[in-house]
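Engineer: Here you go, one structure.
The values are calculated or read from the model by the stated rules, or taken from the named source; none is laboratory data. All values reported here derive from a predicted model rather than from experimental measurement. In this analysis, Cβ positions are derived from the backbone assuming ideal geometry, glycine residues included, and neighbour counts consider all displayed protein chains. For accessibility, only protein heavy atoms count, side chains too; no ligands or nucleic acids. Shrake-Rupley method; radii C 1.70, N 1.55, O 1.52, S 1.80 Å.
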Amino acid sequence: MATRVNYTWACGTAALKMNILKATKTYEAWLGEQIPLLRADLALKHQAMHEAVFPFLRATFYRWSQTYPKVCEKLMDGPEVLGVGDLHVENFGTWRDIEGRLIWGINDFDEACRLPYTVDLVRLSASAILAGEGEHLPIPHGPACKAILAGYRAALKTGGRPFALAEDHPKLREMAVHRLREPQAYWDKLKALTTHHDKVPSSALKALHRQLPDEDLELRIAHRIAGLGSLGRRRYVGLAEWHGGSIAREAKELAESAWRWARSARARRHIQYQEILDTAIRCPDPFVRQRGDWIVRRLAPDCSRIELSALPKEHDAERLLHAMGFETANVHLGSCEAKVLSDDLQRRGPVWLYSAGRAMADSTLADWQEWRKG
(Lines give C-alpha, C1' and ligand atoms only; values in the text may rest on other atoms or scores of the structure.)
Protein backbone atom coordinates (compact mmCIF):
# COMPACT_ATOMS: atom_id res chain seq x y z
CA MET A 1 0.00 0.00 0.00
CA ALA A 2 1.43 3.39 -0.99
CA THR A 3 1.99 6.02 1.65
CA ARG A 4 0.63 9.48 0.97
CA VAL A 5 1.76 12.25 3.28
CA ASN A 6 0.33 15.70 3.96
CA TYR A 7 3.41 17.88 4.34
CA THR A 8 3.74 21.17 6.16
CA TRP A 9 5.28 23.41 3.55
CA ALA A 10 8.90 24.40 3.96
CA CYS A 11 9.51 25.18 7.61
CA GLY A 12 6.00 26.54 8.10
CA THR A 13 4.77 30.04 7.34
CA ALA A 14 8.16 31.59 8.11
CA ALA A 15 9.53 30.16 4.86
CA LEU A 16 6.96 32.15 2.87
CA LYS A 17 8.98 35.27 3.70
CA MET A 18 12.40 33.64 3.34
CA ASN A 19 14.48 34.60 0.30
CA ILE A 20 17.44 32.60 -0.98
CA LEU A 21 19.93 34.52 1.15
CA LYS A 22 18.00 33.88 4.36
CA ALA A 23 17.32 30.28 3.35
CA THR A 24 21.04 29.62 2.79
CA LYS A 25 22.00 31.13 6.13
CA THR A 26 19.27 29.23 7.99
CA TYR A 27 20.02 25.91 6.32
CA GLU A 28 23.76 26.14 6.92
CA ALA A 29 23.13 26.91 10.58
CA TRP A 30 20.91 23.82 10.78
CA LEU A 31 23.50 21.70 8.99
CA GLY A 32 26.19 23.02 11.33
CA GLU A 33 24.24 21.55 14.24
CA GLN A 34 24.92 18.10 12.79
CA ILE A 35 28.47 18.24 11.45
CA PRO A 36 31.47 20.60 11.41
CA LEU A 37 31.40 22.83 8.33
CA LEU A 38 34.48 23.96 6.42
CA ARG A 39 34.00 27.70 5.93
CA ALA A 40 36.58 28.04 3.16
CA ASP A 41 34.81 25.32 1.16
CA LEU A 42 31.44 26.95 1.79
CA ALA A 43 32.84 30.18 0.34
CA LEU A 44 33.80 28.26 -2.81
CA LYS A 45 30.30 26.81 -2.96
CA HIS A 46 28.75 30.27 -2.69
CA GLN A 47 30.98 31.51 -5.50
CA ALA A 48 30.00 28.57 -7.73
CA MET A 49 26.34 29.36 -7.03
CA HIS A 50 26.98 32.85 -8.36
CA GLU A 51 28.53 31.80 -11.66
CA ALA A 52 25.66 30.03 -13.49
CA VAL A 53 22.15 28.78 -12.82
CA PHE A 54 22.89 25.07 -13.37
CA PRO A 55 25.58 24.84 -10.65
CA PHE A 56 23.26 26.97 -8.51
CA LEU A 57 20.58 24.28 -8.86
CA ARG A 58 23.07 21.55 -7.99
CA ALA A 59 24.17 23.39 -4.86
CA THR A 60 20.75 24.29 -3.46
CA PHE A 61 18.61 21.24 -2.84
CA TYR A 62 17.72 22.88 0.48
CA ARG A 63 16.03 25.71 -1.40
CA TRP A 64 14.31 23.26 -3.75
CA SER A 65 12.94 21.50 -0.67
CA GLN A 66 11.35 24.78 0.40
CA THR A 67 9.91 25.91 -2.93
CA TYR A 68 8.76 22.64 -4.50
CA PRO A 69 5.74 22.05 -2.23
CA LYS A 70 4.41 25.52 -3.09
CA VAL A 71 5.21 25.66 -6.81
CA CYS A 72 4.16 22.03 -7.37
CA GLU A 73 1.49 21.77 -4.70
CA LYS A 74 -0.70 19.44 -6.79
CA LEU A 75 2.15 16.93 -7.06
CA MET A 76 2.71 16.56 -3.33
CA ASP A 77 0.04 13.87 -3.01
CA GLY A 78 2.04 11.39 -5.06
CA PRO A 79 3.02 8.04 -3.56
CA GLU A 80 5.99 8.28 -1.23
CA VAL A 81 9.26 6.54 -2.08
CA LEU A 82 12.76 6.42 -0.69
CA GLY A 83 14.07 8.91 -3.24
CA VAL A 84 17.32 10.55 -4.29
CA GLY A 85 16.28 14.11 -3.46
CA ASP A 86 19.22 15.93 -5.03
CA LEU A 87 18.73 14.41 -8.47
CA HIS A 88 20.00 16.17 -11.60
CA VAL A 89 21.52 15.33 -14.97
CA GLU A 90 25.09 15.34 -13.58
CA ASN A 91 24.29 12.96 -10.72
CA PHE A 92 25.03 9.92 -12.86
CA GLY A 93 28.26 8.02 -13.33
CA THR A 94 29.93 4.65 -13.65
CA TRP A 95 31.44 2.05 -11.35
CA ARG A 96 32.65 -1.56 -11.44
CA ASP A 97 30.50 -4.27 -9.89
CA ILE A 98 31.85 -7.34 -8.13
CA GLU A 99 32.37 -9.04 -11.52
CA GLY A 100 34.38 -6.09 -12.81
CA ARG A 101 31.64 -5.05 -15.25
CA LEU A 102 31.16 -1.37 -16.00
CA ILE A 103 27.83 -0.19 -14.55
CA TRP A 104 26.07 3.12 -15.16
CA GLY A 105 23.58 4.75 -12.82
CA ILE A 106 22.88 7.35 -10.16
CA ASN A 107 26.14 8.34 -8.52
CA ASP A 108 25.25 10.03 -5.24
CA PHE A 109 22.58 9.68 -2.54
CA ASP A 110 23.63 12.33 -0.01
CA GLU A 111 20.06 13.65 0.28
CA ALA A 112 18.24 10.30 0.28
CA CYS A 113 14.92 10.64 2.05
CA ARG A 114 11.31 9.53 1.92
CA LEU A 115 9.41 11.95 -0.32
CA PRO A 116 6.80 11.99 -3.11
CA TYR A 117 8.20 10.27 -6.19
CA THR A 118 7.38 13.37 -8.26
CA VAL A 119 10.16 15.32 -6.51
CA ASP A 120 12.93 13.33 -8.20
CA LEU A 121 11.28 13.37 -11.63
CA VAL A 122 10.60 17.10 -11.59
CA ARG A 123 14.09 17.95 -10.34
CA LEU A 124 15.67 15.80 -13.04
CA SER A 125 13.50 17.51 -15.65
CA ALA A 126 14.21 21.02 -14.34
CA SER A 127 17.94 20.26 -14.42
CA ALA A 128 17.64 19.12 -18.03
CA ILE A 129 15.85 22.36 -18.90
CA LEU A 130 18.48 24.53 -17.20
CA ALA A 131 21.37 22.49 -18.62
CA GLY A 132 19.80 22.80 -22.05
CA GLU A 133 19.59 26.57 -21.72
CA GLY A 134 23.27 26.54 -20.89
CA GLU A 135 23.96 24.63 -24.14
CA HIS A 136 25.22 21.56 -22.29
CA LEU A 137 22.33 19.34 -23.34
CA PRO A 138 21.34 19.76 -27.00
CA ILE A 139 17.64 18.85 -26.87
CA PRO A 140 14.47 21.00 -26.70
CA HIS A 141 12.83 21.18 -23.28
CA GLY A 142 9.60 19.39 -24.18
CA PRO A 143 11.28 16.34 -25.74
CA ALA A 144 13.76 16.25 -22.84
CA CYS A 145 10.99 15.90 -20.25
CA LYS A 146 9.11 13.48 -22.49
CA ALA A 147 12.21 11.25 -22.74
CA ILE A 148 12.66 11.22 -18.95
CA LEU A 149 9.04 10.26 -18.38
CA ALA A 150 9.15 7.60 -21.13
CA GLY A 151 12.21 6.02 -19.51
CA TYR A 152 10.53 6.05 -16.10
CA ARG A 153 7.39 4.41 -17.50
CA ALA A 154 9.46 1.79 -19.33
CA ALA A 155 11.16 0.77 -16.10
CA LEU A 156 7.86 0.51 -14.27
CA LYS A 157 6.50 -1.69 -17.05
CA THR A 158 9.48 -4.07 -17.01
CA GLY A 159 10.06 -4.03 -13.26
CA GLY A 160 13.36 -2.21 -13.63
CA ARG A 161 16.82 -3.39 -14.64
CA PRO A 162 20.36 -2.14 -13.89
CA PHE A 163 22.54 -0.72 -16.66
CA ALA A 164 25.39 -3.18 -17.23
CA LEU A 165 27.27 -1.64 -20.15
CA ALA A 166 29.47 -4.55 -21.23
CA GLU A 167 26.83 -6.37 -23.30
CA ASP A 168 23.96 -3.92 -23.79
CA HIS A 169 23.37 -0.18 -24.25
CA PRO A 170 26.11 0.51 -26.85
CA LYS A 171 25.16 4.18 -27.27
CA LEU A 172 25.12 4.78 -23.53
CA ARG A 173 28.39 2.87 -23.19
CA GLU A 174 29.97 5.10 -25.83
CA MET A 175 28.89 8.22 -23.92
CA ALA A 176 30.04 6.82 -20.58
CA VAL A 177 33.52 5.67 -21.65
CA HIS A 178 34.40 8.75 -23.69
CA ARG A 179 35.97 10.39 -20.62
CA LEU A 180 38.09 7.30 -19.86
CA ARG A 181 40.48 7.75 -22.76
CA GLU A 182 43.05 9.64 -20.68
CA PRO A 183 43.05 8.06 -17.19
CA GLN A 184 46.46 9.51 -16.30
CA ALA A 185 44.97 12.99 -16.05
CA TYR A 186 42.57 11.71 -13.38
CA TRP A 187 45.36 10.25 -11.27
CA ASP A 188 47.55 13.31 -11.75
CA LYS A 189 44.77 15.44 -10.34
CA LEU A 190 44.34 13.20 -7.29
CA LYS A 191 48.06 12.96 -6.63
CA ALA A 192 48.33 16.76 -6.75
CA LEU A 193 46.02 17.09 -3.73
CA THR A 194 47.75 18.67 -0.74
CA THR A 195 48.48 16.36 2.17
CA HIS A 196 46.15 16.94 5.12
CA HIS A 197 48.27 17.55 8.21
CA ASP A 198 45.52 18.26 10.74
CA LYS A 199 43.97 15.50 12.80
CA VAL A 200 41.62 13.23 10.86
CA PRO A 201 38.66 11.77 12.78
CA SER A 202 39.39 8.21 13.81
CA SER A 203 35.98 7.15 12.46
CA ALA A 204 36.94 8.42 8.99
CA LEU A 205 40.34 6.70 9.07
CA LYS A 206 38.77 3.43 10.17
CA ALA A 207 36.17 3.70 7.42
CA LEU A 208 38.85 4.29 4.78
CA HIS A 209 41.02 1.37 5.87
CA ARG A 210 38.07 -1.04 5.95
CA GLN A 211 37.49 -0.42 2.24
CA LEU A 212 41.10 -1.13 1.19
CA PRO A 213 42.33 -4.39 -0.36
CA ASP A 214 44.85 -4.50 2.50
CA GLU A 215 43.82 -2.75 5.71
CA ASP A 216 47.47 -2.30 6.70
CA LEU A 217 48.31 -0.13 3.68
CA GLU A 218 49.87 3.20 4.57
CA LEU A 219 47.68 6.03 3.29
CA ARG A 220 48.51 9.60 2.44
CA ILE A 221 45.47 11.60 3.53
CA ALA A 222 44.41 14.63 1.52
CA HIS A 223 41.45 16.98 1.62
CA ARG A 224 39.43 16.99 -1.60
CA ILE A 225 37.21 19.78 -2.83
CA ALA A 226 34.49 18.23 -5.00
CA GLY A 227 30.79 18.35 -5.72
CA LEU A 228 28.49 21.26 -5.01
CA GLY A 229 25.59 20.11 -2.86
CA SER A 230 27.95 18.60 -0.29
CA LEU A 231 30.69 21.22 -0.62
CA GLY A 232 31.51 22.44 2.88
CA ARG A 233 31.47 19.00 4.50
CA ARG A 234 34.58 17.15 5.60
CA ARG A 235 35.91 14.93 2.82
CA TYR A 236 39.11 12.90 3.07
CA VAL A 237 40.96 11.01 0.36
CA GLY A 238 43.34 8.18 1.16
CA LEU A 239 46.01 7.60 -1.51
CA ALA A 240 48.31 4.57 -1.71
CA GLU A 241 50.35 2.40 -4.05
CA TRP A 242 49.29 -1.23 -4.34
CA HIS A 243 50.71 -3.94 -6.60
CA GLY A 244 52.30 -1.54 -9.04
CA GLY A 245 49.58 1.08 -9.34
CA SER A 246 47.68 3.81 -7.56
CA ILE A 247 44.54 3.32 -5.51
CA ALA A 248 42.33 5.86 -3.76
CA ARG A 249 39.43 5.83 -1.30
CA GLU A 250 37.29 8.75 -0.22
CA ALA A 251 35.34 9.23 3.01
CA LYS A 252 32.70 11.98 2.93
CA GLU A 253 30.74 13.03 5.99
CA LEU A 254 27.00 12.53 5.81
CA ALA A 255 24.20 14.55 7.31
CA GLU A 256 20.42 14.60 7.50
CA SER A 257 18.62 15.31 4.22
CA ALA A 258 17.69 18.93 3.56
CA TRP A 259 14.18 17.67 2.78
CA ARG A 260 13.75 17.11 6.50
CA TRP A 261 15.08 20.60 7.27
CA ALA A 262 12.37 22.02 5.03
CA ARG A 263 9.79 19.97 6.93
CA SER A 264 10.81 21.72 10.19
CA ALA A 265 12.56 18.60 11.44
CA ARG A 266 15.15 18.82 14.18
CA ALA A 267 18.71 17.98 13.13
CA ARG A 268 19.38 14.36 13.98
CA ARG A 269 21.33 11.48 12.50
CA HIS A 270 18.76 9.67 10.38
CA ILE A 271 20.81 8.97 7.27
CA GLN A 272 19.34 6.67 4.62
CA TYR A 273 22.26 6.37 2.17
CA GLN A 274 22.92 2.69 2.80
CA GLU A 275 19.22 1.89 2.86
CA ILE A 276 18.69 3.28 -0.63
CA LEU A 277 21.77 1.42 -1.92
CA ASP A 278 20.41 -1.82 -0.47
CA THR A 279 16.84 -1.50 -1.74
CA ALA A 280 17.26 -0.03 -5.24
CA ILE A 281 17.34 -2.28 -8.32
CA ARG A 282 21.07 -1.98 -8.79
CA CYS A 283 24.38 -3.73 -9.51
CA PRO A 284 26.15 -2.65 -6.31
CA ASP A 285 29.57 -1.08 -6.22
CA PRO A 286 31.39 -3.33 -3.72
CA PHE A 287 33.57 -0.39 -2.67
CA VAL A 288 30.73 1.98 -1.72
CA ARG A 289 29.59 1.58 1.85
CA GLN A 290 28.15 3.74 4.61
CA ARG A 291 30.38 3.43 7.65
CA GLY A 292 28.70 5.24 10.51
CA ASP A 293 28.37 8.88 9.44
CA TRP A 294 30.74 8.46 6.48
CA ILE A 295 30.14 7.25 2.96
CA VAL A 296 33.26 5.57 1.59
CA ARG A 297 33.90 4.92 -2.11
CA ARG A 298 36.68 3.93 -4.45
CA LEU A 299 38.00 6.77 -6.61
CA ALA A 300 39.15 5.84 -10.09
CA PRO A 301 38.59 7.11 -13.65
CA ASP A 302 35.87 4.50 -14.21
CA CYS A 303 34.28 5.05 -10.77
CA SER A 304 33.17 8.65 -10.86
CA ARG A 305 30.45 11.08 -11.81
CA ILE A 306 30.01 12.02 -15.47
CA GLU A 307 29.89 15.74 -16.18
CA LEU A 308 27.98 16.89 -19.24
CA SER A 309 31.14 18.56 -20.52
CA ALA A 310 32.84 15.14 -20.55
CA LEU A 311 30.32 13.65 -22.99
CA PRO A 312 31.23 13.28 -26.67
CA LYS A 313 30.54 16.44 -28.67
CA GLU A 314 27.92 14.55 -30.64
CA HIS A 315 25.79 12.47 -28.29
CA ASP A 316 22.23 11.19 -28.16
CA ALA A 317 20.69 13.42 -25.50
CA GLU A 318 17.25 11.87 -25.84
CA ARG A 319 18.60 8.36 -25.25
CA LEU A 320 20.63 9.60 -22.29
CA LEU A 321 17.61 11.25 -20.64
CA HIS A 322 15.49 8.16 -21.29
CA ALA A 323 18.11 6.12 -19.43
CA MET A 324 18.12 8.65 -16.57
CA GLY A 325 14.36 8.32 -16.22
CA PHE A 326 14.65 4.52 -16.27
CA GLU A 327 17.36 4.59 -13.59
CA THR A 328 15.25 6.89 -11.41
CA ALA A 329 12.52 4.26 -11.46
CA ASN A 330 15.12 1.60 -10.60
CA VAL A 331 15.68 3.47 -7.35
CA HIS A 332 12.00 4.13 -6.59
CA LEU A 333 11.02 0.50 -7.18
CA GLY A 334 13.05 -0.44 -4.14
CA SER A 335 10.42 1.13 -1.89
CA CYS A 336 7.16 1.27 -3.88
CA GLU A 337 5.26 -1.12 -6.14
CA ALA A 338 5.32 -0.42 -9.87
CA LYS A 339 1.52 -0.54 -10.14
CA VAL A 340 1.10 2.14 -7.49
CA LEU A 341 3.44 4.48 -9.36
CA SER A 342 1.95 3.64 -12.77
CA ASP A 343 -1.58 4.30 -11.54
CA ASP A 344 -0.56 7.69 -10.19
CA LEU A 345 1.18 8.61 -13.43
CA GLN A 346 -1.90 7.64 -15.39
CA ARG A 347 -4.06 10.22 -13.64
CA ARG A 348 -1.63 13.08 -14.25
CA GLY A 349 -1.85 13.25 -18.02
CA PRO A 350 0.87 13.64 -20.68
CA VAL A 351 2.41 17.10 -20.03
CA TRP A 352 2.51 17.44 -16.26
CA LEU A 353 6.24 16.76 -16.02
CA TYR A 354 7.21 19.44 -18.53
CA SER A 355 4.88 21.97 -16.86
CA ALA A 356 6.27 21.24 -13.40
CA GLY A 357 9.88 21.11 -14.61
CA ARG A 358 9.48 24.45 -16.37
CA ALA A 359 7.88 26.03 -13.28
CA MET A 360 10.66 24.82 -10.99
CA ALA A 361 13.34 25.88 -13.49
CA ASP A 362 11.81 29.38 -13.50
CA SER A 363 11.68 29.41 -9.69
CA THR A 364 15.34 28.36 -9.54
CA LEU A 365 16.30 31.01 -12.08
CA ALA A 366 14.58 33.70 -10.00
CA ASP A 367 16.44 32.55 -6.88
CA TRP A 368 19.74 32.56 -8.77
CA GLN A 369 19.19 36.11 -9.97
CA GLU A 370 18.43 37.20 -6.41
CA TRP A 371 21.55 35.40 -5.18
CA ARG A 372 23.69 37.26 -7.70
CA LYS A 373 22.26 40.59 -6.58
CA GLY A 374 22.81 39.67 -2.93
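Engineer: Using only DSSP helix segments of four residues or longer, with each worth -39500 (n - 2.57), what per-residue ellipticity at 222 nm results for the chain after dividing by its residue count and rounding to 500?
Structural biologist: Rounded to the nearest 500, it is -13500 deg cm²/dmol.
Engineer: Further question: Using 1/(1 + (r/R0)^6) with R0 = 25 angstrom and r between the beta carbons of Ala29 and Glu307, what's the FRET efficiency to the nearest 0.05?
Structural biologist: Between Ala29 and Glu307 the formula returns 0.25.
Engineer: Also: Computed over the Cα atoms of segment 207-362, what is the convex hull's projected area averaged over all directions, in nm²?
Structural biologist: Mean projected area of the Cα convex hull: 13.0 nm².
Engineer: Which of the pairs Lys22/Lys146; Lys74/Lys252; Lys146/Lys313; Lys45/Lys206 have their Cα atoms more than 32 Å apart in this structure?
Structural biologist: Checking Cα-Cα distances, Lys22/Lys146; Lys74/Lys252 exceed 32 Å.
Engineer: Let me ask you something else. Counting only protein heavy atoms, what percent of the accessible surface of the chain is carbon or sulfur at a 1.4 Å probe?
Structural biologist: About 51 percent, which is the carbon plus sulfur part of the accessible surface.
Engineer: Quickly rank 83-90, 341-348, 123-130 as a protection proxy: mean count of other C-beta atoms within 10 Å, highest first.
Structural biologist: Most protected by this proxy first, the peptides run 123-130, 83-90, 341-348.
Engineer: So how long is each side of segment 272-355 along the principal axes, counting just the alpha-carbon atoms, biggest first, in Å?
Structural biologist: Here the spans come out as 42, 37, 20 Å, largest first.
Engineer: Hey, with R₀ at 35 Å, roughly what FRET efficiency would Lys199 and Asp168 work out to, going by the Cβ-Cβ distance, to 0.05?
Structural biologist: Between Lys199 and Asp168 the formula returns 0.15.
Engineer: Next question, about the same structure. Keeping all protein chains in place, calculate the accessible area per residue for the chain (probe 1.4 angstrom), answer in Å².
Structural biologist: With the other protein chains kept in place, the chain gives 44 Å² per residue.
Engineer: Moving on. Per the Kirkwood treatment, what hydrodynamic radius in Å, one decimal, follows for the chain from the mean inverse distance over all distinct Cα pairs?
Structural biologist: It works out to 21.1 Å.
Engineer: Set the Förster distance to 25 Å, then compute FRET efficiency between Gln369 and His46 from the Cβ-Cβ distance, nearest 0.05.
Structural biologist: Computed FRET efficiency for Gln369 and His46: 0.95.
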